[in-house]
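As structure tokens, the structure follows; a few thoughts come after it.
The values are calculated or read from the model by the stated rules, or taken from the named source; none is laboratory data. Given the structure is predicted, the values throughout are model-derived calculations rather than measurements. FYI the Cβ positions are ideal-geometry reconstructions off the backbone, even for glycines, and counts take in every protein chain you see.
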Amino acid sequence: MVQKSPLPSTPASGLSKCLVQHHPKHYCGVFGIHGHPNAAELTYYGLYALQHRGQESAGIVTTDGKTFNIHRGMGLVPQVFNSDVLHRLVGHTGIGHTRYSTTGSSNIVNAQPLTVDCAKGRIAIGHNGNLTNAAQLREELEASGSIFQTTVDSEIILHLLAQPARDGHESAGARDPHGFRPLALGRMDNGAFVLASETCAFDLIQAKYVRDIEPGEIVIINSEGVHSIQAFPTPRREAFCVFEYVYFARPDSNIANRNVYKVRVEMGRQLAREHKIQADVIVPVPDSGNCAALGYSLESGIPFEMAFVRNHYVGRSFLQPSQFIRDFNVRVKLNLIADLVRGKSVVIVDDSIVRGTTSKARVTSLKEAGAKEVHVLVSCPPHINPCVYGIDFPERSKLMAATNTHDEIRRFLNADSLGYLSLDGMVAATGRPKNAFCLACYDGNYPVDYDPATDKHIIERRRSRAGALTSELEASLRQPRLL
């Protein structure tokens, strides 16, 4: 999402870290609104609804058409903003961003939205996703004189936008030609247009969903309304990230006219068709396994119980747990109601197994509580490849399913059985064709080429090496010469 306004004559006015990280993290959430007097407040609520997409930093930029008002900070949305801050963010247009880092470190310099002054005015940008050729683009821009202030790939887009462009005060939303990440258009009762990563942000501010932004589409929003540009006239292979349906998107969001909650319940139903288990109770890993576990229960007829109780207020701990508290980092987040599983055969359902350590702790908790059997089911296929398009999946060597056989994983988990949803079953549950998705983390078929050396710190490493070479050159010039 981009905002532009004429360059003002005067300067613009002036994490809570989870203890347990057993799920992959998303890149970020973006929100924008054009033409509403309470732009800052509505952007705040939009980011609040998108908090699940990133918890490291948050920021809002607003404009009244003359000046930009900016506030960014590290932490959750309600930690970064308060009523005084929002009161200072004057303007009828705003964009907001909530971040999890997949390119560039987690620090205030890399917090978004990013802003820049250029010949055509001021530009602010919030970006969701990864640029697979970021290092190459940055080197080319630096060679032509561009000066970068951050180590995030999003700043590359900012520099490209700062080149000769349209005049005028406007907002823009763009989706990549493959449609990896979601972006939707909504409208307020007063006519203001809204852009957001997910439709759940519209519900909170009572905006009406209009439509999804199409892959490769750019929408320009100004006083004349919404103008659509198809920037890539040659159709590209659609490659929406299927893991949005599996885990990342909120269940109350709709993507491609499909409710995420219903898709996940159908994944659970499909799991029950593929893995018929004689059990006494179905137990989800909250909150990620709730919908699929419910679907499994509905299809199989086995009772559903919320035996794990989640502590929603887990944050950074400044005390190290005592050694006698085994698996503290896992147990502090989920506690088990032992009476619901004692003496029973239990099916535990989660959305994914990445490294496997926390899944093992769940099985251990169930068996220590007296469960007779524990069967582990996963509502997606095994992850065997890293993601390079905006999800912080670890390198392949750290993915359990990439380095272990099915039975080795089962034995590591100490489970009586282990079952994954098939690739075809997962896709069928979405109601969309297989060729509509990026499935690279499951099948290794990457729809866009990328540099295998790329990771979240590649720009910082290249800048560090460049700095080291400059220092060596300066040192050599200071050395006395014999000739």
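Quickly run through the stretch 393-420 and pick out the residues that are surrounded by fewer than 19 Cβ atoms within 10 Å (Cβ to Cβ) and in contact with a Pro (Cβ under 7 Å, 6 or more places away or on another chain).
Passing the criteria: Pro394, Glu395, Arg396.
Can you report the number of residues in the stretch 375-387 which are of a type in the set (A, V, I, L, M, F, W, C) and surrounded by fewer than 21 Cβ atoms within 10 Å (Cβ to Cβ)?
Quick first cut of the stretch 375-387, residues of a type in the set (A, V, I, L, M, F, W, C) only: 376-378, 380, 384, 387.
When the remaining residues are screened for being surrounded by fewer than 21 Cβ atoms within 10 Å (Cβ to Cβ), the result is 384.
Adding up the residues that qualify gives 1.
Within the stretch 29-47, is there a residue that is buried (at least 24 other Cβ atoms within 10 Å of the Cβ), of a type in the set (Gly, Ala, Ser) and at pLDDT below 95?
Among the residues of the stretch 29-47, at least one is buried (at least 24 other Cβ atoms within 10 Å of the Cβ), of a type in the set (Gly, Ala, Ser) and at pLDDT below 95, which makes the answer yes.
Given the conditions (1) at pLDDT below 80; (2) crowded, with 22+ Cβ neighbours inside 10 Å; (3) touching a His at 6+ places or on another chain (Cβ under 6 Å); (4) farther than 14 Å from Val30 by Cβ, and given that Ser146 satisfies all but one, which numbered condition is not satisfied?
(2) is the only condition that Ser146 fails.
The rows are residues; the columns are (1) over 23 Å from the mean Cα position of the chain (by Cα); (2) among the aliphatic types (A, V, I, L, M).
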position: Asp64; (1), (2): yes, no
position: Phe68; (1), (2): yes, no
position: His71; (1), (2): no, no
position: Gly75; (1), (2): no, no
position: Pro78; (1), (2): no, no
position: Ser83; (1), (2): yes, no
position: His87; (1), (2): yes, no
position: Val90; (1), (2): yes, yes
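Which fully enclosed strands (runs of 3 or more DSSP E) of the stretch 334-433 have 2 or more residues being under 18 Å from Ile277 (Cα atoms)? Explain how you work it out, then say what you get.
Details: elements: 334-336, 345-350, 373-378, 417-420.
In the stretch 334-433, 345-350, 373-378, 417-420 are the strands (runs of 3 or more DSSP E) which contain 2 or more residues that are under 18 Å from Ile277 (Cα atoms).
Go through the stretch 81-101 residue by residue and tally those that are crowded, with 22+ Cβ neighbours inside 10 Å, among the hydrophobic types (A, V, I, L, M, F, W, C) and more than 14 Å from Gly35 (Cα to Cα).
Total satisfying the criteria: 2.
Out of the residues in the stretch 266-289 that are assigned to a helix (DSSP H, G or I) and among the small types (Gly, Ala, Ser), which is surrounded by the fewest Cβ atoms within 10 Å (Cβ to Cβ)?
Going residue by residue through the stretch 266-289, those that are assigned to a helix (DSSP H, G or I) are 266-274.
Among the residues that remain, those that are also among the small types (Gly, Ala, Ser) are: 268, 272.
Values: Gly268: 29, Ala272: 23.
The residue in question is Ala272.
Which of the residues belonging to the stretch 258-289 are more than 16 Å from Tyr420 (Cα to Cα) and at pLDDT below 95?
Pro286, Asp287
Report, by residue number, each residue of the stretch 115-133 that is over 11 Å from Ala174 (Cβ atoms), under 21 Å from the mean Cα position of the chain (by Cα) and among the polar types (S, T, N, Q).
Asn130, Thr132, Asn133, listed by residue number.
Take the residues in the stretch 352-374 that are closer than 17 Å to Glu408 by Cβ and basic (Lys, Arg); name whichever of them is surrounded by the most Cβ atoms within 10 Å (Cβ to Cβ).
My answer is Lys360.
For the stretch 290-333, name all the residues that are of a type in the set (Phe, Trp, Tyr) and either part of a strand (DSSP E or B) or modelled with pLDDT of 85 or more (or both).
Filtering the stretch 290-333 for residues of a type in the set (Phe, Trp, Tyr) gives 296, 304, 308, 313, 318, 324, 328.
Across the stretch 290-333, the qualifying residues are Tyr296, Phe304, Phe308.
One line per residue, one yes/no per condition, for (1) more than 19 Å from Ala172 (Cα to Cα); (2) buried (at least 21 other Cβ atoms within 10 Å of the Cβ); (3) of a type in the set (S, T, N, Q); (4) at pLDDT below 95:
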residue	(1), (2), (3), (4)
Ala201	no, yes, no, no
Ile205	yes, yes, no, no
Val210	no, no, no, no
Arg236	yes, no, no, yes
Ala239	yes, yes, no, no
Pro251	yes, no, no, no
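Does Asp176 count as modelled with pLDDT of 95 or more and in a loop (DSSP other than H, G, I, E, B)? Show your work before the answer.
Details: modelled with pLDDT of 95 or more: no; in a loop (DSSP other than H, G, I, E, B): yes.
Spelling it out, it is not the case that Asp176 is modelled with pLDDT of 95 or more and in a loop (DSSP other than H, G, I, E, B).
Residue under question is Ser105, and the condition is that it be hydroxyl-bearing (Ser, Thr, Tyr) and modelled with pLDDT under 90; does it hold?
Working: hydroxyl-bearing (Ser, Thr, Tyr): yes; modelled with pLDDT under 90: yes.
Yes.
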